[in-house]
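These notes are about the structure you will find just below.
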Amino acid sequence: MKIWEKNYLLAMGLLLFLLFGSMLFIQQYSFRKNLDFYCERTLFNESRAEYEISSLLAGRDGAEGLERYCQGLKKQGIYLLVESQGRILSDSLPFPWEGSGKEFRIAENQHGVFACISNVYEDAAKGAVHVLYLEQMEGFYVAWKKQMVLLLAAALLLAAALSAFLYVAMKKIYSPINRIAHELRAPLTVIQGYSQYIMLGNISPEDIAFASRQIDLEAGHMDSLVENLLVMGSLREGSIQMGQVRAKELSEELGQYFPFLRVVQQAECVYGEKTLLISLLRNLISNTCRQGEHVSLRIQRDGFVVYNRDDYLEDGLLDILNGNRPVPPEHVAGKGLGVPLCREIVKMHHGTLQYRNVAGGGAEIKVVLRAGGSYAKHVCLPKDSLFFLK
């Protein structure tokens, strides 16, 4: 299992614990608050029933009126037992009651769930009157169970959405690490191999010179990779400031990296950010010159054209590069981190990047930038706009 997958499982486990723990706490808190409210309402209803019983017993109807009252409440899920001086005045209970004195409790049996209140009050005519009040609570618990099911369903949906989002996000975060490790491993392997070869001794000066050149070449490759990473990190952190960049300055700096490069200047200046433009051109040229060093650069007012007569792009790779989609690594062997970096730099300049094969032979990369000065000089980079090869 990959390390990012382990981190994903750990993070997801913690997230699920917090999510369902919070759901359980909210559900229990809501249940207790609703139950307290229900019990307060039941006590109030019982007090009203006692008042009504006292009025009926003092009236002309007496026991008959009390019986009608109890039967009416029975239809509403409320049951009464009224007893005075050992004689039952009315009884609508659905089951025999066990208990005495003043109490309040919630009873559950085969008949359902009831809020039970037992109370005794003094009546002027009847003396001590014992009233047992039972109110059906089945509806309350049914509503609570529905609420619990809905809350659980919502938590499961949220957990599924968060799980998918976290998986994609962590995979995207850790994918560049794998890509960087792969890109750095190749030159490191070459450097290590030639270093061991030199340390063996008993080799000719020509072999030492050749090995040294290879070490220097691969070290330069690693330096280019590290510089690309630093540029991408700088892009991710803030804003870039545009301005007029002299074509001569670009030619001179690129000449230090690519002595074989032939530069044609068709404009004195281009509009953009100098450091980013140099990084863009270095990557484009270094990618294409691996197929041969017959490379030329044409600097125009609205961008650049890089041409290599020895390069050729397969149709499949050409479609991917021009489609501005994530590029599978098997299609860009040796292209390194430069491909996504070039895309992002061109995007920051509100331009386009196009690859094509030339009819007479070779491959051409055309960069078109927006006309100088036609947009704000400060362009902020969205934090999620960069991506690596996938």
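The values are calculated or read from the model by the stated rules, or taken from the named source; none is laboratory data. Only a predicted model underlies this, so the values are computations on that prediction, with no experimental measurement involved. Using ideal geometry, Cβ is built from the backbone for each residue, glycine included, and neighbour counts are taken over all protein chains shown.
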Name the single residue, out of those in the stretch 128-172 being touching a helix residue (DSSP H, G or I) at 6+ places or on another chain (Cβ under 8 Å) and either under 30 Å from Ser84 (Cα atoms) or not in a helix (DSSP H, G or I) (or both), that is modelled with the lowest pLDDT. Val129
Check off (1) without any contact (Cβ under 8 Å) to a residue 60 or more places away in the chain; (2) of a type in the set (D, E, K, R); (3) part of a helix (DSSP H, G or I) for Glu46 and give me the number that stays unchecked. (1)
By residue number, the members of the stretch 49-73 that are in a helix (DSSP H, G or I) and basic (Lys, Arg) are Arg68
Subset of the stretch 49-76 (residues that are aromatic (Phe, Trp, Tyr), without any contact (Cβ under 8 Å) to a residue 12 or more places away in the chain and within 20 Å of Gln136 (Cα to Cα)): none
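Quick one: would you say Gly255 is free of Cβ contacts under 8 Å to residues at least 12 places away in the same chain and of a type in the set (Gly, Ala, Ser)?
Taking the combined requirement at face value, the residue satisfies it.
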Surrounded by fewer than 17 Cβ atoms within 10 Å (Cβ to Cβ), at pLDDT 80 or above, over 21 Å from Val339 (Cα atoms) and of a type outside the set (A, V, I, L, M, F, W, C) - does that describe any residue in the stretch 275-293? no
State which residue pairs qualify: first residue farther than 17 Å from Leu10 by Cβ and inside the stretch 154-178, second residue at pLDDT below 80 and outside any helix (DSSP H, G or I) in any location, beta carbons under 8 Å apart, and separation of 6 or more residues or different chains. Lys172/Phe387; Ser175/Phe388; Ser175/Lys390; Pro176/Phe388
Considering each of Pro176, Pro187 in turn, give the residue that is touching a helix residue (DSSP H, G or I) at 6+ places or on another chain (Cβ under 7 Å) and modelled with pLDDT under 85. Pro187
